[in-house]
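Structure, as structure tokens:
Derivation of every value follows stated rules applied to the coordinates shown; laboratory data play no part. The model shown is predicted, which means the values in this text are computed figures rather than measured ones. Cβ atoms come from the backbone with ideal geometry, glycine included; neighbour counts cover every protein chain shown.
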Amino acid sequence: MERRSPESSGPSRDPLTRRLWLARLALAWERLWPALGPALGVVGIFLALALFDLLPLLPDWLHGLALIAFGAVFAWALLGSRGAWRLPDAAAGRRRLEIASGFVHRPLATLDDRLAGGHDDPMAIALWHAHRLRLLAYIKSIRVGVPVAGLARRDPLALRAALLIVLLIAGAAAGPDARSRLARAFMPGIANASVPTGVLDLWITPPAYTGLPPILPKVDAGASPEIVAPAGSVLLAQVSGGLGVPVLTIDQTASAFALLDG
């Protein structure tokens, strides 16, 4: 027998060709996914901090330094996975097919053999055809197998699950403000100016004897306007957005706002 290039194929090997490509892709995924684990972990930690809106609370210089540190660690982790980006060769794909199918003696390795001599010998030709039929029977029952990343071996403490839970909580906490929080995480300095501001709504109800309608003064953020109201009026103040619990001070008497919604 003689051995030819593994690239040669015929119509009868089309099913094997498809399965071979699937096996190579499965091997590539099994190598790439664990190799990308550290880089994905860095991204997950950054997203959690951003969704919790913690980075804008840092001083501008420290916020910028944190962004540089995250970028450097991510680049380093991604560089460490460069060896896993190569597609495994056909020999590795065939070996995976043999293992997944439970084959012994590596039958697919002989698939590219050709009859070297005895072309005029009927017995040799018959034996060769029988050999080929046995190989084709193997091909019909061949399996690719389910890709297994093997993350449990690399992460025995299941830190990936803990990070996923934290990300889910952070996403729920951010809610519709998630996009703004992500933008603030990438903008040190610019974000700090917008985080503390909230929306103040005032409703003043004059006493009934005045016959006056409710007063709805408009107050801009950071302004301290003078508001005139009859004695005995009732003030309702609401603040939405911003950070912390606001405090209302009247005649040097401070009263903390009651929390209505998280």
Using a 10 Å cut-off on Cβ atoms, rank the peptides 246-255, 171-180, 84-93 from the highest mean neighbour count down.
-> 84-93, 171-180, 246-255
In nm, spacing of pseudo-spin labels at Ser240 and Leu133 (7 Å Cα→C-beta vector) = 8.0 nm
Obtain the nm distance between the two label points defined at Ala92 and Ala258 by a simple spin-label model: each point lies 7 Å from its Cα along the Cα-to-C-beta direction.
-> 6.6 nm
